[in-house]
Structures are given as C-alpha cells and as structure tokens.
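A.B. asks: Please find one structure pasted underneath; my questions will follow.
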Amino acid sequence: METFGHFEDASREYVITRPDTPWPWINYMGTEDFFSLISNTAGGYCFCRDAKFRRILRYRYNGVPMDAGGRYYYIKDGDSVWNPGWKPCKTTLDSYECRHGMGYSRIKGCKDGLEADALFFVPIGHRCEVHRIRLTNTGSAPKRIQLYSFAEWCLWNASTDMENFQRNLSTGEVEVEGKVIYHKTEYRERRNHYAFFGVNRPFDGFDTDRETFIGMYNGFEAPQQVLSGKSGNSLAHGWSPIASHRFDIGLEPGASEEFIFVLGYVENPSDKKFVAPGVINKEAALRMMDAFAAPEQVDAAFAALKAFWDGLLGRFTLQSDVPELDRTVNIWNQYQCMITFFFSRSASYFESGIGRGMGFRDSNQDLAGIVHLIPERARQRILDIAATQFPDGGCYHQYQPLTKRGNNDIGGGFNDDPLWLIFGTVAYIRETGDFGILDERVPFDNKPGTEVSLLDHLKISFKHVTDNLGPHGLPLIGRADWNDCLNLNCFSDNPDESFQTTENKSEGSKAESLMIAGLFVAEGRDFAELLERIGDSGAALVREAVANMETAVKKHGWDGEWFLRAYDYYGNKIGSRECEEGKIFIESQGWCTMARIGADEGLCDKALDSACKLLECEHGLVLNTPAYTSYIKDYGEISSYPGGYKENAGIFCHNNPWVIIGEAMAGRADDAWRHYCKITPAFCKDQNLRKVEPYAFCQMVAGKDAAKPGEGKNSWLTGTAAWTWKAVSEALLGIKPQFDGLLIEPCIPARYGNYKIHRRFRDAEYDITIRFSGKAGSVFIPYKPGKQELEINL
Ligand code: GLC
Ligand code: GLC
C-alpha cells in the first residue's frame with residue numbers, strides 16, 4: 001500500500017517522505033501564547049493569543065491549490081528555482097523529508113548537490129518563530145546560489161483581512177532597518193503591536209511589496225524577483241505588504257552556511273510606541289533578534305523546547321507489546337491533547353481561526369487530556385470557564401480567548417453545558433488532590449461583585465438540570481445537547497440562518513435528552529462522591545436526584561434493545577425502533593452505559609450489543625443509523641448533512657470512546673479494544689483513504705453511508721483527543737485517578753495484558769508492572785509521595 005511516511009518513536013517524530021501527501025499534513029508550534037500551524041511543505045500561519053484578532057501571517061483557506069501561504073524559502077541555483085519543502089515551486093527534488101516533532105518541524109530538500117535543511121520552532125519564552133536554514137554544498141563543484149525568504153503579512157484581523165479591501169489595500173505600512181523588516185500596519189492608530197521578520201546576517205536585497213516581489217500575474221510558485229535573481233528593494237505603501245530577504249551565496253564543495261531568521265511579534269507600552277514621529281520603537285524586536293543571533297543560542301532554545309516536551313511526556317509512559325499503542329499513548333495522543341487544550345477549536349486546516357472561540361463544553365472536556373500534564377494551567381482554565389456561567393447555571397456556549405468574555409453571537413441554552421463544569425473540575429481534583437480550588441471565588445458572566453465559590457458554581461450547574469426536567473422527568477435538551485446538530489426546538493426554513501443561533505422554542509417544549517440523562521447520572525455520582533469527600537451535606541440530595549434520573553431512564557428511556565436518544569418537541573421518540581431513520585444513536589448508548597444505568601437488569605449489555613450490531617462498521621462506530629435521507633425540520637441540522645458525514649451517521653470519533661469506556665466498564669475487553677483500534681490513527685493502514693495526518697485523531701471519519709467510508713476530516717482539534725486519552729489510559733490500561741489515590745483496573749484483551757507504566761501522580765512516581773489475565777479485578781493504591789515500584793497481577 002502506498003505510504004507517505006512513518007513513525008520514528010525514539011525521536012518522537014513522524015517522518016514524511018513525500019511532499020505530495022493526500023492532504024497537507026500539519027504540525028503545531030508554540031507552548032504559551034504565540035502559536036503556529038505548519039504543513040509538511042511549510043505552509044500555514046502564526047498568531048499571538050487569538051487566531052482571529054492577532055493573525056500575523058496571511059493564509060488562504062480554500063485557496064487553489066490547497067495550502068497557499070506560509071514561510072517560504074526559495075533557492076535559485078543557476079536556472080533552477082526550488083523550495084526545500086517542494087512547494088510552492090514544486091520543482092522536483094532529489095530528496096525530500098519533513099519531520100514533524102514535538103513543537104517543531106524540520107524540512108529538508110536536496111537538489112543538484114545542494115542540501116537545504118530548514119528547522120522551524122517557536123522557542124519557549126518568546127513570541128516568535130525561529131527558522132534555522134542550513135545550506136550545504138554536497139557536490140564536487142563550487143556553487144553560486146541565491147536564497148530568498150518570503151512571508152506575507154495578514155493585516156491582523158483575519159476576518160476583515162479577507163473582506164474589507166476598499167480599506168485594506170490602502171493601510172499597509174512597513175519599515176526596513178538593519179537586518180529586519182517590520183510590519184506596522186495600523187500601528188499609527190490604536191494598535192500597540194507590530195510584527196517583524198529579521199535575520200542574523202546582512203542581506204543583499206529585500207522586498208516588502210508583494211506585487212514587486214511576485215509580479216502582478218505570477219503566483220507564489222514564480223516570484224519575478226527570484227526568477228531574475230534580483231530584489232526590488234521595494235517599500236510597501238498599502239496594497240499587500242510582505243517580507244523577503246535575499247542573499248547571494250558562494251559555497252565551496254562540502255561547505256555550509258547557516259541563516260537564522262526570526263519571525264516575531266511585539267507589544268509596546270502605549271507611551272513608548274514611537275521613537276520619532278512615525279518611527280516605531282524597535283527595542284523589543286531587537287532584543288528578540290539578539291536572543292537568536294548565534295547558532296549556539298538557537299541550539300540552546302531548541303534543547304529547552306525538547307526538554308519541555310520530554311518533561312511532559314515523561315509523566316505517563318507505557319511499554320507494551322503493541323507498538324501502535326505505545327506510540328499513541330506515549331507520544332501522539334498526549335501531544336494532541338496539549339494542542340487541543342492550547343487551540344480549542346479555533347485554528348486548524350479545517351477551523352479557520354475566525355469562527356469559533358473556546359467552547360464551554362469543549363474546553364471542559366479538553367481538560368481530561370491535560371490535567372496530568374499541566375495541572376496549573378488546567379486550574380486557571382477551570383476558573384476562566386466558570387466565570388462565564390450565568391447565575392441560573394446556564395452558560396455562554398463559547399467565550400473569546402483574548403477577552404475571556406462570553407460570546408454573545410452564539411449565546412447559550414445548550415443544556416448539557418453546565419454538567420461539563422463538574423466533569424472538568426472532578427477530573428482536575430482527582431488528578432491533583434487540589435480541593436482548595438473549590439473555595440476559589442468566581443463571578444457570574446464576569447461581573448465583579450457576583451462572586452461565589454467554585455463549589456457553588458458546581459452546585460448551580462447540577463441544579464440547572466433538575467430545574468429543567470421534561471414531562472418524563474428527563475433533562476430538557478434546550479438549544480441542543482452535546483450533539484450541536486440535534487436541534488429539536490428550532491424549526492428552521494431559512495437557509496440564511498445558523499441552526500445554532502436561530503430562534504429557540506425551548507420554552508414550553510417537551511424535547512428531552514437521554515444523552516444529558518446519562519451524563520447527569522455519571523457526573524452526578526462523581527459529584528456526590530466529591531461532596532461526601534469534603535463533608536458537604538448536599539451529597540444526599542444529589543444521590544437522590546441521580547436515583548430518580550435512573551428510574552426515569554429505565555422507565556421512559558429504554559427502547560427494548562437500546563437506549564432512546566431523545567423526545568422531540570411534540571414528545572415523539574427519537575432513536576427508537578419505531579423510527580424509520582435514526583433508529584439508534586451512539587450518544588445515549590455511550591453515556592447510559594458509562595453511567596451503568598440498568599446494568600443489573602442487563603440493559604447495558606444489550607445496549608452495547610446493539611451498538612456493535614448496528615452502529616459499528618469497518619472504520620468505527622457511526623453516530624446514528626439509518627442515516628437521515630432528507631431534511632427534517634423538527635430535527636434540524638443533523639438532517640442537513642448527507643448520510644455518512646458529520647452528525648448524520650458519520651463516525652464522529654469524539655463519541656466512540658464513550659462506548660469504549662462503556663464496554664470496558666461492562667468487562668467486554670475485546671469489544672472495547674476493537675473499537676479503540678478502529679479510530680486510532682496509528683492502526684490505520686490505508687493512508688490514502690484516511691487522507692489526513694496518520695498521527696492525529698479526526699473529529700470525523702466518513703461512515704458507512706458515505707461515498708468513501710473511512711475518509712478522515714477535521715483532524716487535530718477535537719474532543720476525541722481527550723476522550724481517547726481517557727479511554728486508553730483509564731478504561732483499557734486501567735490507571736484511574738481517584739480523590740485519594742490510583743485505582744488500577746484494566747480491561748484489555750489478555751493477550752496484551754502484560755505491560756509497564758510509569759505514572760507521575762501529584763508528588764508520587766509509580767513504576768507499575770501489570771499482568772492482567774483478563775479477569776475483572778482492581779487494586780487501589782493510596783496516594784503517597786515518593787517513588788514506588790509495584791507489581792500487579794490481576
Ligand atoms: C463539535 C463541537 C462540539 C460538539 C460536537 C458534536 O465537535 O465542537 O462541541 O459537541 O461537534 O456536535
Ligand atoms: C456544525 C457542526 C458541528 C459543530 C457546530 C459548531 O453544526 O456539524 O460539529 O459543533 O457546527 O458550530
């Protein structure tokens with residue numbers, strides 16, 4: 001089968017060996033607030049803090065060809081012009097390799113005895129990308145070549161940058177001084193930030209005006225200056241500002257030259273913006289340039305980045321007999337959890353960095369993937385999220401990372417949202433033992449003076465569900481539950497409105513959700529345990545509400561062979577054998593089996609059997625079946641998708657782990673393992689079919705009703721990262737953090753049951769050897785600081 005690369009586990013890299021991957025295969029850079037996306041051909045962009053409002057490089061989503069815009073290096077060697085990453089010139093290279101590693105990418109191209117080795121990373125403690133370009137003459141004759149850099153500036157607001165040309169084409173401003181090109185559009189007015197692209201050696205020419213550099217009728221693949229071996233030394237005034245440096249280089253056989261480029265971002269205090277009228281204060285930029293002036297400084301910064309990731313990924317390691325499992329657990333799944341935490345759903349090759357801020361439910365779920373890695377940041381995130389809640393327990397569905405304020409454009413009313421705050425907080429406390437977070441004072445809707453304790457926020461979250469029960473005693477769904485597209489209260493005829501923000505007829509509606517019911521029972525139990533642990537008398541009432549909900553589910557939520565999905569506005573069943581389409585849905589099977597509702601009566605086993613029988617296909621479990629074949633106004637967006645895609649019978653990977661965990665809780669190791677392997681990219685053989693990165697989980701893989709089942713989309717930014725982490729680390733491998741220790745309770749096929757785990761847990765480090773025979777059982781390890789070696793035979 002055709003492959004485009006392979007894993008190299010020792011260096012924690014994925015090595016791409018052909019540039020023409022089925023879709024750009026990207027990586028992320030950045031650990032604090034300066035972030036970049038970089039494809040295997042060096043496409044992509046960077047931003048500081050907010051992908052919409054502080055976009056630094058211009059990137060063309062939807063461009064033709066795909067992935068247009070990035071940091072390009074051009075080499076002119078005689079008549080041939082090429083890029084180390086193949087694009088945009090697409091000149092055939094003698095060899096090509098891209099190594100995507102933890103927070104860096106290294107792209108190497110060779111042609112006609114010249115090797116160009118480009119290392120890209122975002123150093124810790126700086127708001128910049130560092131590009132180290134090393135050119136080596138590997139031939140036997142001296143060479144005279146030229147190297148050009150190229151970056152195109154975005155005019156900060158990524159949205160208006162694509163729309164408001166009557167203004168944009170007149171605002172662009174730059175300065176060129178010393179070795180640095182400065183981008184200062186709008187700095188003259190309210191902005192106090194600028195960007196720059198500099199290099200550690202004097203250059204032989206430059207351009208800052210796109211038309212001068214590229215030419216009116218050329219594309220990125222044929223900049224007229226590069227073709228002619230010159231520079232225009234142009235200064236941009238309006239139009240489209242860019243940055244390009246030129247170097248004329250002589251290289252003897254065997255000789256190398258190294259260039260360090262810094263692409264950075266600076267904020268100045270308002271009273272120190274200028275050093276002379278119109279001349280920007282460059283101090284901070286020059287300091288950053290100085291920090292990377294010499295190769296040793298770059299080496300040290302790169303080593304620090306490696307140490308950062310080594311430290312993080314050293315906290316949980318696995319040694320098993322399954323290499324695909326080891327590389328997923330030790331490297332790529334945890335890495336993706338970090339990326340998802342940093343980026344939420346804002347910027348990927350499927351998310352434009354414009355439309356979506358931080359989701360209330362998404363961000364809470366993302367925490368489950370990183371609490372063991374960066375607990376301090378998880379803590380802050382929980383407090384930020386809680387501060388966007390309303391006094392009645394409802395929440396803004398999204399908030400903006402730049403302001404941390406709720407986003408009015410999307411509003412609220414998604415009735416699963418509040419429960420996720422309990423989910424995220426419990427995950428955090430179980431990992432850290434930091435019960436103190438419950439006493440933190442947190443406002444409502446960010447309004448000073450409204451502060452209550454985080455614990456009160458959790459209580460209000462729980463109460464929001466019991467305050468909003470429907471005719472069957474099940475939770476009212478509101479605008480939607482976890483499934484954004486099951487819109488039971490919106491009835492939209494108008495193609496120009498969004499299903500998520502259009503009129504919401506929830507008031508007086510009977511629409512109830514079995515997904516929220518399962519979530520409520522599972523999280524309610526955790527919440528009760530937490531309350532009991534801290535001696536809060538509210539625990540009894542919580543247990544009672546949970547018991548009532550279980551009764552309601554068994555009475556009104558069971559369809560005979562599986563759990564119903566919902567009742568609609570009129571009280572009709574959704575996800576029932578009585579329905580013609582959408583007879584069974586995954587969300588309620590996952591949540592009700594994780595909550596073990598009716599387990600004693602055999603409901604969980606039956607529901608899981610039905611999931612395997614009806615929802616499972618070659619590539620995973622589809623969301624619902626049969627797919628809806630036409631638009632159903634009463635159900636909304638779910639039926640807007642052609643069958644097999646997204647929420648209409650796609651394999652929505654985010655929810656597969658719910659069934660995996662449900663299977664494991666039922667002791668069904670083979671089923672759990674099989675579902676896990678199907679959605680985990682490291683096990684996927686057909687790279688052409690999967691299309692997206694072989695090292696990142698997708699939000700969605702096309703389901704059995706799609707034109708091309710197995711084709712992946714929406715890679716990287718998805719709750720799948722945290723949920724598969726939870727599924728594999730806790731349910732399959734059995735390392736379950738509790739309030740006072742670790743519970744070891746594996747559920748993996750016995751043939752893979754011998755493995756070792758190194759687990760950092762608070763101030764303890766456990767080396768655990770597990771021999772699991774396949775019989776259900778568990779061992780509790782009370783928390784005790786220090787190193788411990790444990791052998792566990794089950
Ligand atoms: C998207 C959203 C998430 C939602 C899911 C299902 O992934 O980010 O919030 O739960 O779709 O609709
Ligand atoms: C669409 C998508 C869904 C996503 C939502 C967020 O409805 O299908 O997955 O959560 O948009 O805006």
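The values are calculated or read from the model by the stated rules, or taken from the named source; none is laboratory data. Model, not experiment: these values are computed from the prediction. As a convention, Cβ positions derive from the backbone with ideal geometry for all residues, glycine included, and neighbour counts pool all protein chains shown. SASA here: full protein model, heavy atoms, side chains in, ligands and nucleic acids out. Shrake-Rupley method; radii C 1.70, N 1.55, O 1.52, S 1.80 Å.
A.B. asks: Using 18 Å as the cut-off for backbone N distance, which residues of the range 431-471 belong to the label zone defined by a point 7 Å from the Cα of Gln788 along Cα→Cβ?
C.D. replies: Under 18 Å, as judged by backbone N against the label point of Gln788, lie 431-434 of the range 431-471.
A.B. asks: Turning to a different aspect of this structure: Mind putting a number on the dipole of the range 523-575 about its Cα centre? Charges go on the C-beta only, +1 for Lys and Arg and -1 for Asp and Glu, and I need it in Debye to the nearest 20.
C.D. replies: Value, rounded to 20: 180 debye.
A.B. asks: Shifting gears a bit: Please identify every one of the trypsin sites (Lys or Arg not before Pro) in the range 184-285 that sits in a loop by DSSP and has no more than 16 other beta carbons within 10 Å of its own beta carbon.
C.D. replies: Taking the range 184-285 and a limit of 16 other Cβ atoms within 10 Å, the loop trypsin sites (Lys or Arg not before Pro) found are Arg188, Arg190, Arg191, Lys230.
A.B. asks: Fully extended, how many nm does the chain gain between Glu189 and Asp310 (0.36 nm per residue separation, minus their Cα-Cα distance)?
C.D. replies: 39.2 nm
A.B. asks: Which aspartates and glutamates, on any chain, are close to Lys111 with Cα under 12 Å apart, when same-chain ones fewer than 8 places away are left out?
C.D. replies: Those aspartates and glutamates meeting the cut-off are Asp77, Asp94.
A.B. asks: Give a quick list of trypsin sites (Lys or Arg not before Pro) in the range 496-599 that DSSP marks as loop, anything other than H, G, I, E or B, with at most 14 other Cβ atoms within 10 Å.
C.D. replies: Lys505, Arg577
A.B. asks: Just to be sure I understand the model, the point goes 7 Å from the Cα along the line to the Cβ. What's the resulting Ser630 to Ile534 distance in nm?
C.D. replies: The two pseudo-label positions are separated by 5.3 nm.
A.B. asks: What full-extension length gain, to one decimal in nm, is calculated for Glu267 and Lys230 as 0.36 nm per residue of separation minus the Cα-Cα distance?
C.D. replies: Length difference between fully extended and current span is 10.0 nm.
A.B. asks: Turning to a different aspect of this structure: Just name one of Phe414, Asn494, Gly394: the one whose Cα is farthest towards the positive end of the charge dipole of the range 390-504 (beta-carbon charges, Lys/Arg +1, Asp/Glu -1).
C.D. replies: Highest projection toward the positive end goes to Gly394.
A.B. asks: OK, next. Could you order Leu402, Leu488 by accessible surface area, starting with the largest, using a probe radius of 1.4 Å?
C.D. replies: The ordering from most to least exposed comes out as Leu402, Leu488.
A.B. asks: Would you mind getting me the FRET efficiency between Ser95 and Trp239? Use the beta-carbon distance for r and R0 = 22 Å, nearest 0.05.
C.D. replies: My answer for the efficiency is 0.05.
A.B. asks: Still on this structure: Given the whole protein assembly as supplied and a 1.4 Å probe, what does the accessible area of Met358 come to in Å², nearest 10?
C.D. replies: 10
A.B. asks: Could you state how much accessible area Ile792 has, in square angstrom rounded to the nearest 10, with a 1.4 Å probe and all protein chains kept in place?
C.D. replies: Accessible area of Ile792: about 10 Å².
A.B. asks: Still on this structure, I have one more. Could you calculate the FRET efficiency of Thr138 with Asp33 from 1/(1 + (r/R0)^6), where r is the beta carbon distance between them and R0 is 41 Å, rounded to 0.05?
C.D. replies: 0.55
A.B. asks: Using DSSP to define loop residues, name the GluC sites (Glu not before Pro) in the range 497-561 whose beta-carbon has at most 14 other beta-carbon atoms within 10 Å.
C.D. replies: Glu497, Glu503, Glu507
A.B. asks: Now a separate question. Placing unit charges on C-beta atoms (Lys and Arg positive, Asp and Glu negative, everything else neutral), compute the dipole magnitude of the range 339-450 about its Cα centre in debye, rounded to 20.
C.D. replies: Using only the charged Cβ atoms, the result is roughly 200 debye.
A.B. asks: Hey, another quick one. Got a number for carbon plus sulfur as a percent of the chain's accessible area, 1.4 Å probe?
C.D. replies: Heavy-atom surface of the chain belonging to carbon and sulfur, 1.4 Å probe: 49 percent.
A.B. asks: Additional query: Per residue, how much accessible area does the range 297-365 have with a 1.4 Å probe, in Å²?
C.D. replies: 26
A.B. asks: Say a paramagnetic label sat at a point 7 Å from the Cα of Arg18, along Cα to Cβ; which residues of the range 682-715 have their backbone N under 20 Å from it?
C.D. replies: Under 20 Å, as judged by backbone N against the label point of Arg18, lie 682-696, 710-713 of the range 682-715.
A.B. asks: Here is a further query. To the nearest 20 Debye, how big is the dipole of the chain about its Cα centre, given +1 on the beta carbon of each Lys and Arg and -1 on that of each Asp and Glu?
C.D. replies: 920
A.B. asks: Another one. So which of Lys230/Lys273; Lys463/Lys678; Lys633/Lys691; Lys704/Lys756; Lys459/Lys736 end up more than 29 Å apart, counting from Cα to Cα?
C.D. replies: Violating the 29 Å Cα-Cα cut-off are Lys230/Lys273; Lys463/Lys678; Lys633/Lys691; Lys704/Lys756.
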